[in-house]
Amino acid sequence: MKTLADIAAVRDNLLARFETFEDKREILKAQELKDLLASIKDVAPEDRRAYGQAVNTLSQELKAKVAAELDKEVELPPIDVTAPMDVNAAIPSLLHSENGSIHPLMQEIAKLSDIFQRMGFVVEESREIDDQYHMFESLNFPKGHPARDDYDTFMTEEKDAAGDPFIAPAHTSTMQNRILKKYKADLENGEAIAAVVPDRTFRNEDLDARHEHTFYQVEGIYVAKGVHAGMLIATLQKFLEEYYGKKLDVRVNPFYFPFTEPSFEFALSCPFCGGTNSDCKVCSGEGWVELLGCGMIHPNVLKAADIDPNEYTGFAFGCGIDRLVMMKHNIEDVRHFESAKLDFLRQF
Ligand code: DAH
């Protein structure tokens, strides 16, 4: 039968071992303590009360010690959150407490998407990795077509099942075939296919103030019965006037794209000087700014989506968004957009 002296011995023993426990909570599971608790019922009835209290006091004492130790552990050293991102800056002024802001290109994509939605177009996303079929074949550039070289396309070393490399889309036209297939049923219901795709594109460019390897385009596609080039020109003119908030003249010149026939290069009257300033940075005094490519969708592009070109016709266009935004905000160098320069970004 155990006595108060046994409790004192267990206490001494456990306190001596306390430091050796890595996780201090382990001491509360010590076998000696369990044995003491189990032994209470075996103590003579007249001694049981004092014995039980002593075991309980020891248990409380150990719990308090463990709790004090755990409290100590959560006191971690403070982390310095004031370190500037640019460790070379003389004055750490880069990380202000103010919130971030939406990138100017994203702000403008939201605005132009809104204009097209009000004109009845749905907005779709492109992809950041795609295949040869959507970049070229479905757009009437068969294998070996010389116009493929115009697109300075980044390709992966990895090959797909057909042995072709994957591509980083060099234009948003990669989405034409998918959109035609996705909304084909609308044509059968007597509705038009009307979609825009504002998204990121990539080309292996030599970089300068007007060329960036990563840039944005907005693709447009409209298919129904009886669509003609007049509708294309009116749609683009209306969009640009709405975007720049003023009346603009447009000019359409013949051009070549494999996926449209006829194809056009579309220019608008300079929104800054209208041709009145020979030093104008935007149009160099010419009065016209070439902005986008467009045309009537080639029958082979419709056929690739199982749409009968004898029954339906359509137009498509592809417009550089960076250019559009540079002209709107008088930004002189396209490289600002991808630069992550906070001084530039904070102005918007
Ligand atoms: N994808 C062309 C480019 O990046 C632009 C373009 C031209 C898109 C004509 C079109 C189009 O949809 O019809 O150069």
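For this structure, a couple of remarks:
- Out of Thr174, Thr235, sole residue that is in a helix (DSSP H, G or I), buried (at least 17 other Cβ atoms within 10 Å of the Cβ) and under 23 Å from the mean Cα position of the chain (by Cα): Thr174
- Neighbours by Cβ (under 7 Å, 6+ apart or cross-chain): first from region 228-246, touching a residue at least 40 places away in the same chain (Cβ under 8 Å) and within 22 Å of Ile193 (Cβ to Cβ); second open to solvent by less than 30 Å² (accessible area, probe 1.4 Å) and in a helix (DSSP H, G or I): Phe239/Ile115; Phe239/Phe116; Glu242/Ile115
- Of all the residues in region 262-281, those that are buried (at least 17 other Cβ atoms within 10 Å of the Cβ) and outside any loop (DSSP other than H, G, I, E, B) number 7.
- Considering residues of region 209-232 that are open to solvent by 60 Å² or more (accessible area, probe 1.4 Å) and not aliphatic (A, V, I, L, M) only, the residue modelled with the lowest pLDDT: Arg210
- Residue within region 262-277 that is in contact (Cβ under 8 Å) with a residue 40 or more places away in the chain, within 16 Å of the ligand (Cβ to nearest atom) and over 33 Å from the mean Cα position of the chain (by Cα) present: no
- Qualifying residue in region 312-322 (condition: near the ligand (Cβ under 10 Å from one of its atoms) and open to solvent by 60 Å² or more (accessible area, probe 1.4 Å)): no
- Apart from one condition, Gln117 fits all of (1) surrounded by 18 or more Cβ atoms within 10 Å (Cβ to Cβ); (2) polar (S, T, N, Q); (3) away from the ligand (no atom under 16 Å from the Cβ); the exception is (1).
- Filter result for Glu137 (modelled with pLDDT of 95 or more, acidic (Asp, Glu) and open to solvent by less than 70 Å² (accessible area, probe 1.4 Å)): yes
- Boolean, Leu62 is within 25 Å of Leu14 (Cα to Cα), within 60 Å of the chain's Cα centre (by Cα), at pLDDT below 90 and in a helix (DSSP H, G or I): no
- One residue stands out in region 250-261 among those that are assigned to a loop (DSSP other than H, G, I, E, B) and open to solvent by 10 Å² or more (accessible area, probe 1.4 Å): the one that is farthest from the ligand (Cβ to nearest atom), namely Tyr256.
- Scanning region 136-158 for residues that are in a helix (DSSP H, G or I) and touching a helix residue (DSSP H, G or I) at 6+ places or on another chain (Cβ under 6 Å) gives Ser138, Leu139.
- Neighbours by Cβ (under 7 Å, 6+ apart or cross-chain): first from region 282-298, in a loop (DSSP other than H, G, I, E, B); second open to solvent by 10 Å² or more (accessible area, probe 1.4 Å) and charged (D, E, K, R): Gly285/Asp279; His298/Glu261
The values are calculated or read from the model by the stated rules, or taken from the named source; none is laboratory data. In this text, all values refer to a predicted model and were calculated from it rather than measured experimentally. Note that each Cβ is placed from the backbone with ideal geometry, even for glycine, and that neighbours are counted across all protein chains shown. Side chains are part of the model used for accessible areas, which takes the heavy atoms of the whole protein and leaves out ligands, DNA and RNA. Shrake-Rupley method; radii C 1.70, N 1.55, O 1.52, S 1.80 Å.
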